[in-house]
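The block underneath contains the structure these notes are about, expressed in C-alpha cells.
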Amino acid sequence: MGFYWADWLNAVEKITLRRAWNAVRVLASYWLTRMVGQPVQWGLPISISIEPTTACNLRCPECPSGLRAFSRPTGKLRTDFFRRLVDELSQHTYSLNFYFQGEPYLHPEFLQMVRYAHERGLFTTTSTNGHFLDAEKARHTVEAGLDRLIVSVDGITQETYERYRVGGQLERVVQGIREVAGWKRRLRSRRPHLIVQFLVFRHNEDQVSHIKRLAREWGADEVRLKSAQIYDYAQGNPLIPQQSRYARYRQQLDGTWAPRHALLNRCWRLWRACVITWDGVVVPCCFDKDAQYRLGDLTTEAFQDIWRGSAYKHFRQRILRGRREIDICSNCSEGCRVWV
C-alpha cells in the first residue's frame, strides 16, 4: 500500500489530545490483557461502525443484505439517535465508519449524518456499491466532508462484474467514481480519499492488473484488493480464487477446505472498535452480521455502560479462552497468523 499524502493529512488533523490519550489507554489495556490473561478494558473505542440501513439494491450471493436473509429486524438509522451517539462519543472516539450491512446511500439523510460527524471532528468512512453517485450525490459527498469513500468494483466488464454484484451496472458505478473525482477537482477538495475496492474471486482474479490501471483512469486515488469471505467453503466453492495469495481458504489433505490462518486467542478489534446496528444494538464486530451476539441496546442503555458491562467482559473472556468456539470468528483473520 502506497503513501497517500492527502489521506494522511485528513487523518492527522482529526487527532486531538483526548483522542490520543484514549487510544493509548485502549492499547495499554489490550496488552495488559494479553499479559495477565484476563480482560482489562480502559478507555472508549477508537473506532465505531454504525449501520445506516439494511436495505440494498443488489443481490450479492455472499451478503445477508443481498440475499434478504436477516433474521434480525431490518430498517434505517434514526437521525436523532445518531446525533445523540456522536455527541456522547466524539470527544474520545477517533473514527466513524458508516457501514455494516446494506447500502448507505439508500438512507435519505445519510450525507446529513456524514456532515454532522465531520463537524464534530470525526474521521469518516463509508463503503458503497456506487450506484447512487450521480452528479448531485457526488457533489454533496464532497461537500459533506467525508474522509474516505470506498467503492466496490469487482470486475472490469459487465459480464464479470455482475457475476457477484447481481443486478448491478458497471457503467453506472464507473460514472459515479468519475463524478466524485470531478467534484473533488472542481471544489479543490482533498476529501474524500477515493478507493476502488476489488473483491478477488476465481472469475475475476485475472483482471487484477487491469483494475489497477483503470481505476487511476477513472480518477480513484487508491486501489485495494480484498480477499472474499465465503460462507459455504468446506467442500470448496467456485468463488474461491485459484491463486492462494488472494484466497482466505486452502484445501486440506482430506480434500476439504478451511481458512488459511490459525486462530489465536486474542482480538485487537474487540478492544479498539465496535459495531452498532441501525436500531441501536451493539455487536462485537462486522462478522456478526445477524446480531447473534447482542452486547447491549443503546435505546435503553448508555454506551459506556455497555462497553464496560458484563456482556462485553464475558465475550472478551471467551475470546481469550478459545476463539475457535465462537462461530463468527472462523472466517476472520483478525489477530491470526496467516500461512503463506
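The values are calculated or read from the model by the stated rules, or taken from the named source; none is laboratory data. The model shown is predicted, which means the values in this text are computed figures rather than measured ones. Glycine gets a Cβ as well: all are built from the backbone with ideal geometry, and neighbour counts include every protein chain shown. The protein model used for the area step is the full one, side chains on, heavy atoms only, and it has no ligands, DNA or RNA in it. Shrake-Rupley method; radii C 1.70, N 1.55, O 1.52, S 1.80 Å.
Surface composition of region 7-52: carbon plus sulfur atoms hold 71% of the accessible area, using a 1.4 angstrom probe and ignoring ligands, DNA and RNA.
Charge tally around E13: other residues with Cβ under 12 Å, Lys/Arg +1 each, Asp/Glu -1 each, net +2. Backbone phi angles across region 219-229, fed through the Karplus curve with coefficients 6.51, -1.76 and 1.60 (θ = phi - 60°), yield HN-Hα couplings of x, 5, 8, 8, 10, 10, 8, 9, 6, 8, 7 Hz in residue order; Gly and Pro are listed as x. With N counted as the residues of region 35-162, its alpha-carbon radius of gyration over 2.2 N^0.38 Å works out to 1.19. Within the shell of other residues whose beta carbon sits under 12 angstrom from the beta carbon of L194, the net charge comes to +3, with Lys and Arg scored +1 and Asp and Glu -1.
Cross-link reach is defined here as a Cα-Cα straight distance under 24 Å, omitting same-chain residues fewer than 8 places apart; for K76 the lysines meeting it are K137, K289. GNM on the chain, alpha-carbon springs under 10 angstrom: the most fluctuating residue among A181, A220, A135 is A135. Summed over the residues of region 1-150 and divided among them, the accessible surface reaches 45 Å² per residue at a probe radius of 1.4 Å.
Surface composition of region 232-340: carbon plus sulfur atoms hold 48% of the accessible area, using a 1.4 angstrom probe and ignoring ligands, DNA and RNA. Using the average count of surrounding beta-carbon atoms within 10 Å as a protection proxy, the listed peptides 278-284, 265-271 rank, highest first, as 278-284, 265-271. Multiplying the residue separation of W31 and D290 by 0.36 nm and subtracting their alpha-carbon distance yields 90.3 nm. Rounded to the nearest 500, the 222 nm mean residue ellipticity of the chain from helices alone is -10000 deg cm²/dmol, with -39,500 (n - 2.57) taken per DSSP H run of at least 4 residues.
Note on region 100-207: with neighbouring protein chains present and a 1.4 Å probe, carbon and sulfur make up 41 percent of its accessible heavy-atom surface.
The residues of region 215-294 expose on average 46 square angstrom of accessible surface per residue, using a 1.4 Å probe on protein heavy atoms.
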